[in-house]
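For reference, the structure is listed below as structure tokens.
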Amino acid sequence: MMNKPRGVITACRDDTHRTVMEFLPPQYSHLRPVGRLDKETEGLLLFTDDGKFTQYLLSPESRIAKTYAFLCFGTLTEEGMQELRSGTTLYANNRPAKPAEVLLQCHCRVRNVGKYISERRREHHLNNPDGNASQGIIRITEGQKHEVRLMLRTVHCAVLYLKRLSVGNLLLDTNLQPGECRLMTDEEVQRLLQDAPPLTEQTYGALLPVLDFN
């Protein structure tokens, strides 16, 4: 498992961008990432040399849950959460998305989430420090491209920070700093195939972004 850092792409090689492979120790360079986290998403990323296992984890039919923490511009309303929970049509591409689990942690202001806004967007967005923002946790069981971002955009929220917390019943190791990785135990591999834990702040507490309310 790796705690994928923000700002690198999930690819085995690229001529213009840094890739996650740069963070793997040389003896593990034969491993390949399981699926993709986009450039601006951080968190739990798996690597393996088992192609069949990768296919199983990624297949929508397997319904392996992936859980994310998010911060977004805009107000995530109760109506918006109900739409996500019942299944929605994705923003921009109009593809159907399966129902998601959603937990709203709080509504806040842009100034409270400033340290999580990417460098290239920070100056622009902090010009409106009193703008609305929302924090929460979302769980999906499929993996369409940019799915979480498009789901939230459908309900008028623009993701500014996204972190994958868990796959199945396996949580990201809280001891791993961004860019760090380690081998998984056999027991942890089995947890990938188990039902996800309860979607609560208590379950994921140490992995969640901490806002600045000072």
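Being under 20 Å from PHE23 (Cα atoms) and assigned to a strand (DSSP E or B) is a condition met by no residue of the stretch 184-193.
Scanning the stretch 40-73 for residues that are crowded, with 17+ Cβ neighbours inside 10 Å and free of Cβ contacts under 8 Å to residues at least 60 places away in the same chain gives a single hit, THR54. Restricting attention to the stretch 72-94, the residues that are part of a loop (DSSP other than H, G, I, E, B), under 22 Å from HIS107 (Cβ atoms) and not hydrophobic (A, V, I, L, M, F, W, C) add up to 4. Within the stretch 150-183, if we keep just the residues that are part of a strand (DSSP E or B) and of a type in the set (Val, Ile, Thr), the residue that is nearest to ARG139 (Cα to Cα) turns out to be VAL167. Would you call LEU176 closer than 20 Å to VAL34 by Cβ, of a type outside the set (D, E, K, R), out of contact with any Cys (no Cβ under 7 Å at 6 or more places or on another chain) and buried (at least 16 other Cβ atoms within 10 Å of the Cβ)? The answer is yes for LEU176. If I filter the stretch 42-49 for residues that are farther than 23 Å from ASN169 by Cα, modelled with pLDDT of 95 or more and either in a helix (DSSP H, G or I) or not aliphatic (A, V, I, L, M) (or both), do I get at least one hit? No, the stretch 42-49 contains no residue that is farther than 23 Å from ASN169 by Cα, modelled with pLDDT of 95 or more and either in a helix (DSSP H, G or I) or not aliphatic (A, V, I, L, M) (or both). Within the stretch 194-204, the set of residues being surrounded by 10 or more Cβ atoms within 10 Å (Cβ to Cβ) and not in a loop (DSSP other than H, G, I, E, B) comprises GLU201, THR203, TYR204. Residue count for the stretch 21-69, restricted to those that are under 12 Å from the mean Cα position of the chain (by Cα) and at negative phi: 14. Go through the stretch 1-17 and count every residue that is part of a loop (DSSP other than H, G, I, E, B), under 23 Å from ASN175 (Cα atoms) and either without any contact (Cβ under 8 Å) to a residue 12 or more places away in the chain or not hydroxyl-bearing (Ser, Thr, Tyr) (or both). Qualifying residue count, the stretch 1-17: 5.
Annotation note: Cβ proximity below 9 Å between a residue of the stretch 89-114 that is closer than 17 Å to LEU160 by Cα and a residue that is assigned to a loop (DSSP other than H, G, I, E, B) and small (Gly, Ala, Ser) (sequence gap 6+ or interchain) occurs for ARG109/GLY131; VAL110/GLY131; ARG111/GLY131. Criterion applied to ARG121, ARG139, ARG182, ARG153 was being free of Cβ contacts under 8 Å to residues at least 60 places away in the same chain and either out of contact with any helix residue (DSSP H, G or I) (no Cβ under 6 Å at 6 or more places or on another chain) or not aromatic (Phe, Trp, Tyr) (or both), and the one residue passing it is ARG121.
The values are calculated or read from the model by the stated rules, or taken from the named source; none is laboratory data. From a predicted model like this one, the values you see are computed outputs, not experimental measurements. All Cβ positions, glycine included, derive from the backbone under ideal geometry; neighbour counts span all protein chains shown.
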